[in-house]
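Taking it in order: structure first as structure tokens, then the write-up.
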Amino acid sequence: MTGFRRLAALMMAAFALLTLMTACATRQHSPVPEVPDDPASAFPAKVSLPGGQPVTLLQQPKRIVSLSPSATETLFTLGAGDQVVAVDQFSNYPANAPRTELTGFTADAAAVADKKPDLVIAPDNATQLAEGLKVVDVPVLLTPSAASLEDAYQQIQVIGQATGHGNQATAMVQKMRADIADIVARTPKPPQPLTYFHEVSPDLYTATSQSFVGSVYSQFGMVNIADPAGGADPAGGADPAGGPFPQLSQEHVVQANPNLIFAADTKCCGVNAAAIAARPGWNTVDAVRRNHVVELDDDVASRWGPRVVDFVRAISDAVGKAQQG
């Protein structure tokens, strides 16, 4: 894999890891019920997320710049798309989002201010950008990477409040909760917990149960083979320095012999089930032998916006298939 592709994959992993999944590519996530919002009465508003500084908005923002793909998806699903004037280069969904060369990692205040925003939504590591925009009185909402579904729901609510779509955000969260609960409840429960490996990049960076994607898999009671490497299981000889996104060895994956493999590097790096099966020794892995390698859409599997329901549905499909043989 080229250095650029690896960097892109790891940036997305750090982002949340930072279309639909192949397993359910023909499906569309159901629309959020439309509910009336009243922006006039919702402002002035003060919003904040855990660990961040409160942001005061005197009136509904009309020129929003989003430097977070998850936030971009949320904005458009909430009905705030016509308020968005620019998004970062990784915000590729929906297709009509006004993409630019900006990124949440490297954008400077001058480049963002040139878009004349009245609200900027950026990842929480963009503190220098926020300080620069503070000088020109542009409010910046810094959004940390979600670590759980509850974190994702909270961000949706706050983005809704900040943009004058608070009622719509509440409806979206309620629908997401209901849809996910229904999908999990309808998924057949295996006699023994299934083990899995979630691949972020071909050099075997992954996500543990401490990550957002890991918390989604945990809804199904699955066991993550990366947890010892990430420090989630110290009794198992874990390296606490691994964190939520450790790199595994070929030997670790083969010896762990997961029941399911989820490839979340199909778009960035061209990985598919055949490529995984061709790796030395991987033809002995249970997931490969039984054709239980699931090709995911990288974006859906790394973002904590409204399409997380599609991610949950793809996991459910894979769990059901694994129990059929």
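Residues in segment 272-288 that are loosely packed, with under 15 Cβ neighbours inside 10 Å and within 12 Å of Val254 (Cβ to Cβ): Pro280, Gly281, Asn283, Thr284.
If the condition is being assigned to a loop (DSSP other than H, G, I, E, B) and of a type in the set (A, V, I, L, M), then segment 121-150 contributes Ala126, Val136, Val138, Ala146, Ala147.
Annotation: of all residues in segment 207-258 being of a type in the set (A, V, I, L, M, F, W, C) and more than 26 Å from Val312 (Cβ to Cβ), the one that is modelled with the highest pLDDT is Val254.
Would you call Asn291 surrounded by fewer than 22 Cβ atoms within 10 Å (Cβ to Cβ) and either assigned by TED's automatic domain parsing to the domain that holds Ile156 or not in a helix (DSSP H, G or I) (or both)? Yes; evaluated as a whole, the condition is true for this residue.
Checking the structure you have, find out if any residue of segment 247-255 is assigned to a helix (DSSP H, G or I), crowded, with 19+ Cβ neighbours inside 10 Å and over 19 Å from the mean Cα position of the chain (by Cα). Write out each step before concluding.
Of all residues in segment 247-255, those assigned to a helix (DSSP H, G or I) come to 250-255.
Within this subset, residues satisfying the condition of being crowded, with 19+ Cβ neighbours inside 10 Å are 253.
Applying the additional criterion that residues be over 19 Å from the mean Cα position of the chain (by Cα) yields 253.
Within segment 247-255, one or more residues are assigned to a helix (DSSP H, G or I), crowded, with 19+ Cβ neighbours inside 10 Å and over 19 Å from the mean Cα position of the chain (by Cα).
Could you please give the count of residues in segment 75-102 that are surrounded by fewer than 17 Cβ atoms within 10 Å (Cβ to Cβ) and more than 16 Å from Lys62 (Cβ to Cβ)? The number of residues fulfilling the criteria is 7.
Is it the case that Phe105 is crowded, with 17+ Cβ neighbours inside 10 Å, in the same structural domain as Pro139 (by TED's automatic domain parsing) and modelled with pLDDT under 90?
Criteria met by Phe105.
Any idea which residue in segment 23-48 is surrounded by the most Cβ atoms within 10 Å (Cβ to Cβ), counting only those that are touching a Leu at 6+ places or on another chain (Cβ under 7 Å) and at pLDDT 65 or above? Lay out the reasoning, then the answer.
As a first pass, look at segment 23-48 and keep what is touching a Leu at 6+ places or on another chain (Cβ under 7 Å): 27, 43-45, 47.
Now restrict to residues that are at pLDDT 65 or above: 43-45, 47.
Working: Phe43: 16, Pro44: 8, Ala45: 17, Val47: 19.
This residue is Val47.
The condition of being crowded, with 18+ Cβ neighbours inside 10 Å, closer than 30 Å to Val319 by Cβ and of a type in the set (Asp, Glu) holds for only one of Glu150, Glu199, that being Glu199. Only a single criterion out of (1) under 27 Å from Ala314 (Cα atoms); (2) among the small types (Gly, Ala, Ser); (3) at pLDDT 95 or above is not satisfied by Ala86, namely (1). Somewhere in segment 113-120, is a residue under 21 Å from the mean Cα position of the chain (by Cα) and either within 29 Å of Thr208 (Cβ to Cβ) or in a loop (DSSP other than H, G, I, E, B) (or both)? There is no residue in segment 113-120 that is under 21 Å from the mean Cα position of the chain (by Cα) and either within 29 Å of Thr208 (Cβ to Cβ) or in a loop (DSSP other than H, G, I, E, B) (or both).
Can you confirm whether Lys134 is among the basic types (Lys, Arg) and in contact with a helix residue (DSSP H, G or I) (Cβ under 7 Å, 6 or more places away or on another chain)?
Details: among the basic types (Lys, Arg): yes; in contact with a helix residue (DSSP H, G or I) (Cβ under 7 Å, 6 or more places away or on another chain): no.
The answer is no for Lys134.
The values are calculated or read from the model by the stated rules, or taken from the named source; none is laboratory data. The structure displayed is predicted, hence computed values, not measured ones. Glycine also receives a Cβ, built like all others from the backbone with ideal geometry; neighbour counts cover every protein chain displayed.
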